[in-house]
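K.L.:
Below are the structure tokens for one structure; questions will follow.
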Amino acid sequence: MIGERYTEVRALPEKAGDEVTVSGWVETLRVHAKVAFVVVRDGTGLVQCVLPAGEVDADTWELGTTLEQESAVEVTGQVKPDARAPGGHELVLRRLEVVGASSDYPIQPKEHGVDFLMDHRHLWIRSARQRAVLRVRSELTQAIHDYFHREGFVRIDTPILTGSIGESAGTLFSTEYFGETAYLAQTGQLYVEAACPAFRKVYCFGPTFRAEKSKTRRHLTEFWMVEPEVAFADSEDNMALQEDFVSYLVERALERCSDELEALERDTTPLEGVRPPFPRLSYGEAVARLQEGGSSIEWGDDLGGGDETELAGMYDLPLFVHDYPKEAKAFYMKENPEDPRTVLCNDLLAPEGYGEIIGGSQREDDLERLRARIRAEGLPEDAYEWYLDLRRYGTFPHSGFGLGVERTLAWITGRPHVRELIPFPRLMNRLDP
Ligand code: 4AD
Ligand code: MG
């Protein structure tokens, strides 16, 4: 094991009676006449340390009673069961050493404004709620890999610097690249499509970039997306995979993150019912529903955030809206043979107003139709010759989707804004820290 010099706080229940050394950071200090209590956080848990005035030397008492919030310390003492202490144990200290002092820690145990907290994000992530959220994130990203590994998918790491536009020209970050223009990937999709004939079922998982000029609670400029792609799968198969996958993720969070969800005061009742099948509405049905509710939306308009919230609010489960008008969606989606005004695609809308968490589609597998769409969108055809090759050499029906990690986490953890669901959020007005 790493760092055997130190006992991890999470291992203390097995160490009752032993003398152990713990290292970590001071969360709080309470000093009374004859005893002081120091709560130390070591990253695996919190432990209350008891400093009895009569049993330690004067220097240790002086040091222990003047500790400041977030000082890094090393403490040695005996593990004593105590039902009132966090974790059910306390540490009766014999020795205390300050490894790194801290003074005037900017984040105090009181309410701070969100701009202040975001400016101090590098410190804010130590706080209880942020720790809970980031631990759920870590569990969720692990669950994503476990699911696709279990299902026999091969992971393909797709490039971040690209020459072809993955989604649309409107939200690109570009950079000079030895005399050419490179874009930061909006998606890994085109590349996982290329890997399909090699492995049939593939996925990529990484950061994606969109120069979104919107300051909503659902938009980041850098977000993480997992994108599976399956050969010989149609749009129906694609939705079946999505509902199975999303149900797995929710179940996994409920199973392994119950402490965190409780700390976040997430009412888990709505999550407990999440299992296939999810309800489905075609885009046309969705528009009709909205019109019945008094909306002025017309067939052909894209659904706005408000429309999505209204539709999702009609169900307790995530809602599929499928087969949108061609004009509202990306160039690579397959024309719907039953209604060529639409494409074979779907969004998945989370319940409780958390918005779109997945966008997916069957891909246009016809060379000439795909070329026509690239032209119609005004995209540079040259940059797509390699992508068109996939339709020249053994084209095949295939489908896939992208699930946004931060939006999925917002829903699961019940946090309203995606900025808290990634360690260091990138927003239109935020590049630091
Ligand atoms: O619907 P999108 O744009 O789909 C794609 O990128 C496809 N290439 C996926 C595929 O078929 N392989 O994005 C997919 C998901 C959205 O549903 C949303 O959850 C998330 O990515 N997303 C964002 N999350 C945070 N901030 C943003 N600016 C986001 N844009 C999309
Ligand atoms: Mg989308």
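The values are calculated or read from the model by the stated rules, or taken from the named source; none is laboratory data. Keep in mind the model is a prediction, meaning the values are calculated, not measured. Cβ placement follows ideal geometry from the backbone for every residue including glycine, while neighbour counts extend to all protein chains displayed. Only protein heavy atoms, including side chains, enter the accessible area calculation; ligands, DNA and RNA are left aside. Shrake-Rupley method; radii C 1.70, N 1.55, O 1.52, S 1.80 Å.
K.L.:
For the list (1) surrounded by 15 or more Cβ atoms within 10 Å (Cβ to Cβ); (2) of a type in the set (Gly, Ala, Ser); (3) under 28 Å from residue 224 (Cα atoms), I need the number of the one condition that residue 304 fails.
P.N.:
Condition (1) is where residue 304 drops out.
K.L.:
Oh, and also: Can you say whether residue 379 is among the aliphatic types (A, V, I, L, M) and modelled with pLDDT under 95, as far as the supplied structure shows?
P.N.:
Working: among the aliphatic types (A, V, I, L, M): yes; modelled with pLDDT under 95: yes.
Criteria met by residue 379.
K.L.:
Tell me the strands (runs of 3 or more DSSP E) entirely within the stretch 13-117 that contain at least 1 residues that are under 30 Å from residue 417 (Cβ atoms) and assigned by TED's automatic domain parsing to the domain that holds residue 129.
P.N.:
Details: elements: 19-31, 35-41, 46-52, 72-81, 89-100.
In the stretch 13-117, there are no strands (runs of 3 or more DSSP E) which contain 1 or more residues that are under 30 Å from residue 417 (Cβ atoms) and assigned by TED's automatic domain parsing to the domain that holds residue 129.
K.L.:
Please identify the pairs in which a residue from the stretch 22-40 that is more than 21 Å from residue 58 (Cα to Cα) and modelled with pLDDT of 95 or more has its Cβ atom under 9 Å from the Cβ atom of a residue that is among the basic types (Lys, Arg) and part of a strand (DSSP E or B), counting only partners at least 6 apart or on another chain.
P.N.:
24/41; 25/41; 27/41
K.L.:
From 240, 288, grab the single residue that is farther than 29 Å from residue 422 by Cα, in a helix (DSSP H, G or I) and assigned by TED's automatic domain parsing to the domain that holds residue 166.
P.N.:
Criteria check complete, one pass: 288.
K.L.:
Can you tell me which residues in the stretch 376-433 are within 16 Å of ligand 2 (Cβ to nearest atom), of a type in the set (A, V, I, L, M) and assigned to a helix (DSSP H, G or I)? Spell out the reasoning first.
P.N.:
Quick first cut of the stretch 376-433, residues within 16 Å of ligand 2 (Cβ to nearest atom) only: 377, 399-408, 410-411, 418.
Adding the requirement that they be of a type in the set (A, V, I, L, M) leaves 403, 405, 410, 418.
Correct list: 405, 410, 418.
K.L.:
Looking at the stretch 224-237, which of its residues are part of a helix (DSSP H, G or I) and either under 26 Å from residue 160 (Cα atoms) or not hydroxyl-bearing (Ser, Thr, Tyr) (or both)?
P.N.:
Of the residues in the stretch 224-237, the ones part of a helix (DSSP H, G or I) are 235-237.
Within the stretch 224-237, 236, 237 qualify.
K.L.:
Select from the stretch 325-375 the residues that are assigned to a strand (DSSP E or B), open to solvent by 20 Å² or more (accessible area, probe 1.4 Å) and within 14 Å of ligand 1 (Cβ to nearest atom) and list them in ascending order. Spell out the reasoning first.
P.N.:
Taking the stretch 325-375 first, the residues assigned to a strand (DSSP E or B) are 325, 333, 335, 342-343, 345-350, 355-363.
So of that shortlist, the ones also open to solvent by 20 Å² or more (accessible area, probe 1.4 Å) come out as 335, 356, 359.
Passing the criteria: 356, 359.
K.L.:
Please go through the stretch 387-431 and give me each residue that is more than 20 Å from residue 348 (Cβ to Cβ), among the acidic types (Asp, Glu) and touching a residue at least 12 places away in the same chain (Cβ under 8 Å), ordered by number.
P.N.:
420
K.L.:
Looking only at the stretch 200-220, decide whether some residue is open to solvent by 50 Å² or more (accessible area, probe 1.4 Å) and at positive phi.
P.N.:
Within the stretch 200-220, one or more residues are open to solvent by 50 Å² or more (accessible area, probe 1.4 Å) and at positive phi.
K.L.:
Which residue is farthest from ligand 2 (Cβ to nearest atom), if the candidates are limited to the stretch 161-189 and must be open to solvent by 60 Å² or more (accessible area, probe 1.4 Å) and under 20 Å from residue 388 (Cα atoms)?
P.N.:
Among residues in the stretch 161-189 that are open to solvent by 60 Å² or more (accessible area, probe 1.4 Å) and under 20 Å from residue 388 (Cα atoms), the one farthest from ligand 2 (Cβ to nearest atom) is 161.
K.L.:
Another question, then. So which pairs qualify, if the first residue must be in the stretch 264-280 and in the same structural domain as residue 241 (by TED's automatic domain parsing), the second must be among the basic types (Lys, Arg) and surrounded by 14 or more Cβ atoms within 10 Å (Cβ to Cβ), the Cβ gap must be under 9 Å, and the two must be at least 6 apart or on different chains?
P.N.:
264/129; 264/415; 266/415
K.L.:
Can you pull out the residues in the stretch 190-216 that are part of a loop (DSSP other than H, G, I, E, B) and within 16 Å of ligand 2 (Cβ to nearest atom)?
P.N.:
The initial filter retains those residues of the stretch 190-216 that are part of a loop (DSSP other than H, G, I, E, B), namely 200, 210-216.
Answer for the stretch 190-216, where residues must be part of a loop (DSSP other than H, G, I, E, B) and within 16 Å of ligand 2 (Cβ to nearest atom): 210, 211, 212, 214, 216.
K.L.:
Right, here's the next one. For residue 158, state whether it is touching a Gly at 6+ places or on another chain (Cβ under 8 Å), hydroxyl-bearing (Ser, Thr, Tyr), exposed (fewer than 14 other Cβ atoms within 10 Å of the Cβ) and assigned to a loop (DSSP other than H, G, I, E, B).
P.N.:
Numbers: touching a Gly at 6+ places or on another chain (Cβ under 8 Å): yes; hydroxyl-bearing (Ser, Thr, Tyr): yes; exposed (fewer than 14 other Cβ atoms within 10 Å of the Cβ): no; assigned to a loop (DSSP other than H, G, I, E, B): yes.
Considered against the rule, which asks whether it is touching a Gly at 6+ places or on another chain (Cβ under 8 Å), hydroxyl-bearing (Ser, Thr, Tyr), exposed (fewer than 14 other Cβ atoms within 10 Å of the Cβ) and assigned to a loop (DSSP other than H, G, I, E, B), residue 158 comes out as no.
K.L.:
Test residue 176 against the stated conditions and say whether it is among the acidic types (Asp, Glu) and in a loop (DSSP other than H, G, I, E, B).
P.N.:
Numbers: among the acidic types (Asp, Glu): yes; in a loop (DSSP other than H, G, I, E, B): no.
Answer is no for this residue.
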